[in-house]
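Please read the structure below before turning to the comments.
The values are calculated or read from the model by the stated rules, or taken from the named source; none is laboratory data. All values derive from a computational prediction rather than experimental measurement. When we count neighbours, we look across all protein chains shown, and the Cβ atoms used for this are built from the backbone with ideal geometry, even at glycine. With ligands, DNA and RNA removed, areas are computed over all heavy atoms of the protein, side chains included. Shrake-Rupley method; radii C 1.70, N 1.55, O 1.52, S 1.80 Å.
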Amino acid sequence: MSLRNKVTLIGYTGKEVEMVNFDSGNVKASVSLATSDYYTNAKGEKVEETQWHNLVAFGKVAEIFQKYVPKGKEIAIEGKLTYRSYDDKDGVKKYITEIRVDEILLLGGK
């Protein structure tokens, strides 16, 4: 993988993995991942900031997601940023940012 477009994240899945089976026999897995960061604000209070990321995986990596990654599972992933757009039913263009996962590491005890 190129260092020019590389993402590494550790977080918890926010929902069950959604699978799509294509006519070609290929499979796609989609899931959201929450990552949290902490900082201290001006009042000295500890603040948690959570970001949500859309993950997609294909082939063998998608099968690993389907078999081993339930909602709330802690995982580490490596992949690349991808962007796409589509027109919704009202003709409004929607933009989606996703991380295409190339590698996954299962963390935690579950």
For segment 31-110, the Rg and Dmax computed from alpha carbons only, in angstrom
16.3, 48
Highest GNM mean-square fluctuation, the chain, Cα pairs closer than 10 Å: which of 18, 49, 98?
49
Report the charge-dipole magnitude of the chain in Debye, nearest 20, computed about the Cα centre from +1 at each Lys and Arg Cβ and -1 at each Asp and Glu Cβ.
120
Would you kindly find the accessible area of residue 37, with a 1.4 Å probe and non-protein molecules such as ligands, DNA and RNA excluded, rounding to the nearest 10 Å²?
100
GNM result for the chain, Cα springs below 10 Å: residue of 73, 43, 15 fluctuating most strongly
43
At 7 Å along the Cα-to-beta-carbon direction for both residue 10 and residue 46, put a label point, then send me their distance in nm to one decimal.
1.7
For the chain, take the longest principal axis of its alpha carbons; what is the angle in degrees between that and the long axis of helix 59-68, to the nearest 10 within 0 to 90?
60
Between 46, 89, 28, find the one with the highest GNM mean-square fluctuation for the chain; connect C-alpha pairs within less than 10 Å.
89
Sort 22, 65 from largest to smallest accessible area, using a 1.4 Å probe on the heavy atoms of the protein chains.
22, 65
Between residue 94 and residue 63, what FRET efficiency comes out of the Förster formula 1/(1 + (r/R0)^6) with R0 = 35 Å and r the beta carbon distance, rounded to 0.05?
0.80
Links that overshoot a 20 Å alpha carbon limit, given the list 15/67; 6/73; 60/94; 60/80; 15/89; 15/73
6/73; 60/94; 15/89
